[in-house]
Amino acid sequence: MPVKILTFCGSLRAASSNLALLQAVERLAPAGICVSRYTGITGLPHFTPDQDEDALLPQPARDLRTQVAAADGLLFAVPEYMHGLPGSFKNTLDWMVGCQRFPGKPVALAHVTARHAFAPAQLEEILRTMAARIVPDAGIHLGLSSNRLDADMICADASHAAVIRTALENFQRSVQSKEFE
Ligand SMILES: Cc1cc2nc3c(=O)[nH]c(=O)nc-3n(C[C@H](O)[C@H](O)[C@H](O)COP(=O)(O)O)c2cc1C
């Protein structure tokens, strides 16, 4: 059975560097790892606890939880906005909290740039609060200074490609190990 990794891009920008990174991840995934991207962020309503019960749950939130439940691991690539997380992405996390299969879910963070000083730590804190299991060596850190790049440029760079493949193999190993049972 292939390991299923569901990715989340926290940027809605058409030329997003985080999106480029996740597209590169999709292309570079070794055999045995199936990478798919959650694309429903803009279709989610604003989170309210009033709708966070089974009979009232909006369909987009139901779809999100179904995809999260079916994934073996989640990979997040999220920019920093005003020293925090983009609002639309935080809204996605708020809807994810009620997914009964979320606690214990292996998760990893992907970063294009090393510049962001606040958001990565905030995201880790939120994920820990949600009882995710962060897999540190499945994290992808390209450490670039520019956000003007696309998936072709990332894939063409042997060192970036190696970082991505190694992280995905580490993710696969962690998901398949007894560590998460
Ligand atoms: C509204 C806004 C606020 C931002 N705030 C920060 C910030 O606080 N810290 C930072 O390092 N970068 C900040 N940035 C820069 C973005 O994080 C950076 O451009 C990132 O590459 C955007 O991701 P993307 O390329 O996937 O769209 C901000 C950008 C925007 C548009």
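Between residue 46 and residue 148, what FRET efficiency comes out of the Förster formula 1/(1 + (r/R0)^6) with R0 = 30 Å and r the beta carbon distance, rounded to 0.05?
Numbers: r = 32 Å, r/R0 = 1.05.
Plugging the Cβ-Cβ distance into 1/(1 + (r/R0)^6) gives 0.40.
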Next on the checklist: For a quick check, take a GNM of the chain with Cα springs below 10 Å and name the residue from 107, 97, 35 with the largest mean-square fluctuation.
Outcome noted: 97
Checklist entry - Measuring from label point to label point, each 7 Å out along Cα→Cβ, what is the residue 129 to residue 34 span in nm? => result 3.3 nm
Checklist entry - Ignoring any ligand, DNA or RNA, what whole percent of the accessible area of segment 1-124 comes from carbon and sulfur when the probe is 1.4 angstrom? => result 54 percent
Item to check | Whole-number accessible area per residue in Å² for segment 22-103, which is evaluated in the context of all protein chains at 1.4 Å | outcome: 49 Å²
Checklist entry - Considering the dipole of the chain built from charges on the beta carbon (Lys and Arg +1, Asp and Glu -1) around the Cα centre, which of 57, 121, 174 is farthest to its positive end? => result 174
Item to check | Positive dipole terminus of the chain, leading residue within 18, 66, 86 (C-beta point charges) | outcome: 18
Checklist entry - Can you give the calculated 222 nm mean residue ellipticity of the chain, where each DSSP H run of n ≥ 4 adds -39,500 (n - 2.57) and the sum is split over every residue, rounded to the nearest 500 deg cm²/dmol? => result -12000 deg cm²/dmol
Checklist entry - Share of Cα-Cα pairs in segment 74-173 beyond 22 Å, in percent? => result 34 percent
Item to check | Alpha carbon centroid spacing (whole Å) that separates segment 119-181 from segment 1-70 | outcome: 15 Å
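The values are calculated or read from the model by the stated rules, or taken from the named source; none is laboratory data. Values in this document were obtained by computation on a predicted structure and should not be read as measured data. As a convention, Cβ positions derive from the backbone with ideal geometry for all residues, glycine included, and neighbour counts pool all protein chains shown. Side chains are part of the model used for accessible areas, which takes the heavy atoms of the whole protein and leaves out ligands, DNA and RNA. Shrake-Rupley method; radii C 1.70, N 1.55, O 1.52, S 1.80 Å.
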